[in-house]
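Enquirer: Next up is a structure, given as structure tokens.
The values are calculated or read from the model by the stated rules, or taken from the named source; none is laboratory data. Bear in mind the structure is a predicted one, so any value in this text is a computation, not a measurement. In this analysis, Cβ positions are derived from the backbone assuming ideal geometry, glycine residues included, and neighbour counts consider all displayed protein chains. With ligands, DNA and RNA removed, areas are computed over all heavy atoms of the protein, side chains included. Shrake-Rupley method; radii C 1.70, N 1.55, O 1.52, S 1.80 Å.
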Amino acid sequence: MSKNNNKLSIIPLGGVGEIGKNMTAYVYGNDIIVVDAGLKFPEEEMLGIDIVIPDITYLIENKNKIRGIFITHGHEDHIGGLPYFLKHINVPVYGTRLTLGLIEGKLREHNLLEVTKLITVTNKNNIKAGVFTVTPFYNNHSIPDTVGFAIDTPEGVVIHTGDFKFDFTPVDNRKADFHMLAEWGQKGVLALLSDSTNSERPGYTMSERVVGVTIDDTFRQAERRIILATFASNLHRIQQVFTAAERFGRKVAVVGRSMVNNINIAMELGYLQVQKGTLIDPDEVNKLPADKIVVLSTGSQGEAMSALTRMARATHRKVEILPGDTVIIASSPIPGNEKFISRTIDQLFRIGANVIYQQVSGVHVSGHGSQEELKLMLNLVQPKYFIPVHGEYRMLKKHVELAVGTGVEEENCFIVDIGDQIEFQNGRARMGSKVPAGTVLIDGLGVGDVGNIVLRDRKLLSQDGILVVVVTLSKAEGNILSGPDIISRGFVYVRESEQLLDEANRIVTATLQRMVAENVNEWSSLKTGVRDALSRFLYEQTRRRPMILPIIMEV
Ligand SMILES: [Zn+2]
Ligand SMILES: [Zn+2]
């Protein structure tokens with residue numbers, strides 16, 4: 001086989017046709033590199049599921065070829081699946097300092113830190129990984145130290161943007177690497193994989209500094225305590241809160257586990273500049289005058305157990321929100337969370353707090369580039385082929401329109417699904433065959449043990465409850481020795497439904513007697529008979545279909 005038979009395959013294993021669980025494999029001959037290993041939060045119908053991660057069967061089957069995993073930034077949709085990946089595939093993890101700092105905590109929790117090789121990268125590195133050479137480049141996003149990767153392959157350079165926006169006045173002054181991108185564009189880029197999150201949004205995404213101005217205005221006007229909730233990973237915004245607090249002579253208390261963790265890591269690594277004495281313990285909040293306090297909190301999504309939600313309900317152990325306090329919710333709702341946030345905002349208004357949230361003022365800007373920034377990326381890179389990623393189908397579709405507008409040939413744009421392979425050989429691209437791909441559900445410690453059947457059961461249970469029928473039969477004659485006893489949960493209130501349950505009892509007895517008389521004696525048939533008869537009766541009477549669990553014992 002000549003070397004020319006080799007081809008480059010790009011395989012998205014997550015993050016296309018969806019927002020979340022980003023993961024992409026680059027394959028050439030006997031070498032594979034992976035970019036990102038994210039998680040996704042479960043959909044509403046995934047009852048009891050904690051997180052969702054990509055199916056990595058394909059990577060496990062080819063694990064001897066994997067030369068490393070490259071991480072763009074520290075958001076959960078890019079690092080949340082990493083522990084599950086590393087449990088199967090022990091390869092070096094490449095990332096920037098802050099990204100690896102955030103990953104360390106995760107690996108420690110999973111007892112993987114000791115056995116994992118973490119390699120810090122900057123935009124000065126060219127990392128050799130098999131046939132690939134990977135060069136990180138800086139871009140702007142809602143978490144510091146975010147990078148994209150230029151991946152040099154035998155077929156040409158592929159630019160993988162990661163999540164990005166272009167912020168010309170970034171809070172940490174770390175500018176995007178426009179010149180590097182332009183240089184690759186000049187030399188010729190085979191393909192661009194670019195963030196599609198805001199492809200439907202016209203114009204430019206505002207600079208994070210805009211939020212700083214709003215924060216300053218609010219601090220100037222607030223007469224009592226200020227409580228500000230935002231994403232725990234948005235360290236630029238958190239920096240602006242500390243800076244404003246110092247400017248206006250306030251102390252900052254931090255509540256919420258993830259907020260405390262992230263701030264500790266960021267301060268340790270030098271990603272947050274905080275003057276000595278600014279940070280105070282939440283215990284001190286009630287000891288200082290109201291106009292000297294800022295509380296930084298999690299819960300900007302209205303999450304039930306978060307610090308902000310508990311403070312709003314007056315169930316937080318240390319901090320209570322009082323009339324006249326100013327509460328700033330500095331984030332926008334992730335789709336699906338709107339109702340939780342509005343509930344929290346309602347509660348805060350009831351307390352008499354002065355609430356500032358996105359709908360009424362500029363306390364949030366997106367971390368993802370809008371249309372003009374996406375076009376700027378396309379203009380800098382000038383790719384031959386274009387693959388929109390990080391978005392639902394309509395966002396990918398819109399992004400292709402933008403790309404075509406900047407001069408990419410329409411037939412050179414690929415809207416793909418997870419598991420698709422885009423193959424590049426001798427400068428030409430085509431769709432290859434699919435590899436196994438999908439979702440793995442995680443419930444507590446169980447990885448992938450909850451599937452469709454379990455979810456269907458949980459759904460039934462959540463809708464109509466459960467009925468357990470216990471009967472003891474004699475082994476010899478098959479007659480009923482005790483029972484049937486019917487126990488129900490979540491179906492009907494037993495005390496008010498005695499008649500219904502008595503009737504159900506009679507139906508079970510009659511069904512069993514008839515079946516025994518007909519010489520039916522396998523358990524499975526008896527159980528099915530009971531279940532069918534009872535289900536029919538209960539549906540007629542109540543129009544509900546509880547889960548029915550017959551337990552038949554023989555003595
Ligand atoms: Zn991100
Ligand atoms: Zn993302």
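Enquirer: Could you pull out every residue, at least 5 positions away or on a different chain, whose amide H is within less than 5 Å of the one on N140? Hs are placed 1.01 Å off N in the peptide plane, and Pro or chain starts have none.
Expert: So N140 has HN proximity to K165, D167.
Enquirer: Rounded, prolate or oblate: which one fits segment 46-110, using the alpha carbon gyration tensor with axes a ≥ b ≥ c (rounded when a/c is under 1.5, else prolate when a/b beats b/c, else oblate)?
Expert: In terms of gyration-tensor shape, oblate.
Enquirer: Additional query: Leaving out ligands and nucleic acids, and using a 1.4 Å probe, what accessible area per residue does segment 1-100 come to in Å²?
Expert: 34 Å²
Enquirer: Something else about it: Just need the relative contact order of segment 260-366 here, percent rounded to a whole number, with Cα pairs under 8 Å and 6+ apart.
Expert: 23 percent
Enquirer: Would you mind pulling out the separation of the Cα centroids of segment 253-305 and segment 340-409, in Å?
Expert: 28 Å
Enquirer: Suppose only helical runs count, i.e. DSSP H with n ≥ 4. What mean residue ellipticity at 222 nm does that imply for the chain under -39500 (n - 2.57) per run, divided by all residues and rounded to the nearest 500 deg cm²/dmol?
Expert: Theoretical 222 nm ellipticity from helices: -9500 deg cm²/dmol.
Enquirer: Using alpha carbons only, how many angstrom separate the centre of segment 45-95 from the centre of segment 12-27?
Expert: When both Cα centres are located, 11 Å separates them.
Enquirer: Figure the gain on full extension for T133 and E392 (residue separation times 0.36 nm, minus the Cα-Cα span) and round it to one decimal in nm.
Expert: Stretched fully, the T133-E392 segment lengthens by 90.3 nm.
Enquirer: Would you check the accessible area of R544, probe 1.4 Å, heavy atoms only, in square angstrom rounded to 10?
Expert: 90 Å²
Enquirer: With a/c under 1.5 counting as rounded, go ahead and sort segment 1-106 into rounded, prolate or oblate using the C-alpha gyration tensor (a ≥ b ≥ c being the square roots of the eigenvalues; past the cut-off, prolate if a/b is larger than b/c, else oblate). Provide the component values of the computation, followed by the final result.
Expert: Details: a/c = 2.16, a/b = 1.52, b/c = 1.42.
Prolate, because a/c is 1.5 or more and a/b exceeds b/c.
Enquirer: Return the long-range amide H neighbours of I321 (sequence gap of 5 or more, or a different chain), with a cut-off of under 5 Å between placed amide H atoms.
Expert: Counting only residues 5 or more places away or on other chains, the set is A314.
Enquirer: May I ask for the angle, rounded to the nearest 10°, between helix 97-109 and the longest principal axis of the chain, with both axes built from Cα atoms and the value confined to 0 to 90°?
Expert: So the helix axis and the longest Cα principal axis differ by about 20 degrees.
Enquirer: Ok, one more. Each residue of segment 9-21 in order: what ³J(HN,Hα) in whole Hz does its phi give by Karplus 6.51 cos²θ - 1.76 cosθ + 1.60, θ = phi - 60°, with x for Gly and Pro?
Expert: 10, 10, 10, x, 9, x, x, 10, x, 6, 10, x, 6
Enquirer: Can you give me the % of accessible surface on the chain that is carbon or sulfur? Probe 1.4 Å, all protein chains present, nothing else counted.
Expert: Ligands and nucleic acids excluded, carbon and sulfur reach 49 percent.
Enquirer: Only Cα pairs under 8 Å and at least 6 apart count here; give the relative contact order of segment 130-186 as a rounded whole percent. Walk me through the numbers on the way to the answer.
Expert: On the way: 86 pairs, mean separation 18.5, N = 57.
This gives 32 percent for segment 130-186.
Enquirer: Next question, about the same structure. What's the FRET efficiency of N519 with K459 using the Cβ-Cβ distance as r and R₀ = 35 Å, to the nearest 0.05?
Expert: So the FRET efficiency works out to roughly 0.40.
Enquirer: If contacts are Cα pairs under 8 angstrom and at least 6 residues apart, what is the relative contact order of the chain in percent?
Expert: Numbers: 1191 pairs, mean separation 86.2, N = 555.
It rounds to 16 percent for the chain.
Enquirer: Something else about it: Just to verify a number: what accessible area does F219 come out at with the full protein assembly present, 1.4 Å probe, Å² rounded to tens?
Expert: For F219, the solvent-accessible surface is approximately 10 Å².
Enquirer: So what is Rg over Rh here for the chain, counting just Cα atoms and using Kirkwood for Rh? Could you put the intermediate results ahead of the total?
Expert: Details: Rg = 28.7 Å, Rh = 26.7 Å.
Reported Rg/Rh (Cα atoms, Kirkwood Rh): 1.08.
Enquirer: Next up: Between G352, I293, A330, whose Cα lies farthest towards the positive end of the dipole of segment 264-382 when Lys and Arg beta carbons carry +1 and Asp and Glu beta carbons carry -1, centred on the Cα centre?
Expert: The listed residue farthest towards the positive side: G352.
Enquirer: Taking R0 as 41 Å, what FRET efficiency do you get between S497 and A314 from their Cβ-Cβ distance, rounded to the nearest 0.05? Could the numbers behind the result be given before it?
Expert: Numbers: r = 37 Å, r/R0 = 0.91.
Using R0 = 41 Å, I get an efficiency of 0.65.
Enquirer: Just for the chain, what percent of DSSP beta bridges are antiparallel, to the closest 5?
Expert: Beta bridges within the chain, antiparallel portion: roughly 50 percent.
Enquirer: Quick check: with the 1.4 Å probe, what order do S474, S535 take by accessible area, largest first?
Expert: Largest accessible area first, the residues go S535, S474.
Enquirer: Nearest 0.05, what FRET efficiency do R108 and D50 give at R0 = 22 Å with Cβ-Cβ as r? Each step should come with its number before you reach the end.
Expert: Details: r = 19 Å, r/R0 = 0.85.
Working from the Cβ atoms, E equals 0.70.
Enquirer: Among the lysines, which fall within straight-line cross-link reach of K292, defined as a Cα-Cα distance under 23 Å, with same-chain neighbours fewer than 8 residues apart omitted?
Expert: Leaving aside lysines fewer than 8 places away in the same chain, those within reach of K292 are K251, K276, K318.
Enquirer: Nothing charged except the Cβ atoms of Lys and Arg (+1) and of Asp and Glu (-1): what's the magnitude of the dipole of the chain about its Cα centre? Round to the nearest 20 debye.
Expert: Values: 60 positive and 64 negative charges, 162 e Å.
Roughly 780 debye, rounded to the nearest 20.
Enquirer: Another question, then. Kindly report, to the nearest 10 Å², the accessible surface of I387 as traced by a 1.4 Å probe over protein heavy atoms only.
Expert: I387 has an accessible surface of roughly 0 Å² with all protein chains in place.
Enquirer: Would you rank M547, M259 by solvent-accessible area, highest first, keeping every protein chain in place and using a 1.4 Å probe?
Expert: M547, M259
Enquirer: Mind checking the per residue accessible area of segment 416-481 for me, 1.4 Å probe, whole number of Å²?
Expert: On the way: 3590 Å² over 66 residues.
I get 54 Å² per residue for segment 416-481.
Enquirer: When ligands, DNA and RNA are left out and all protein chains stay put, how many square angstrom of accessible area per residue does segment 287-366 have with a 1.4 Å probe?
Expert: Values: 3760 Å² over 80 residues.
Accessible area per residue: 47 Å².
Enquirer: What are the ³J(HN,Hα) couplings of segment 540-555, residue after residue, when phi is run through the Karplus curve with 6.51, -1.76, 1.60 and θ = phi - 60°? Round to Hz, x for glycine and proline.
Expert: Values, residue by residue: 4, 7, 10, 6, 10, 10, x, 6, 10, 10, x, 10, 10, 10, 10, 10 Hz.
Enquirer: Step through the table entries K7/K434; K21/K397; K117/K434; K187/K434; K7/K384, compare each Cα-Cα distance with 24 Å, and write down the pairs that go over it.
Expert: K117/K434; K187/K434
Enquirer: Please enumerate, by chain and number, the lysines with C-alpha under 17 Å from the C-alpha of K475, excluding those fewer than 8 residues away in the same chain.
Expert: Partners within reach: K527.
Enquirer: Give the cross-link partners of K124 among the aspartates and glutamates, using a straight C-alpha distance below 14 Å as the criterion and excluding same-chain residues fewer than 8 apart.
Expert: Of all the aspartates and glutamates, those that pass the test against K124 - Cα under 14 Å, at least 8 places apart if same chain - are D145, D177.
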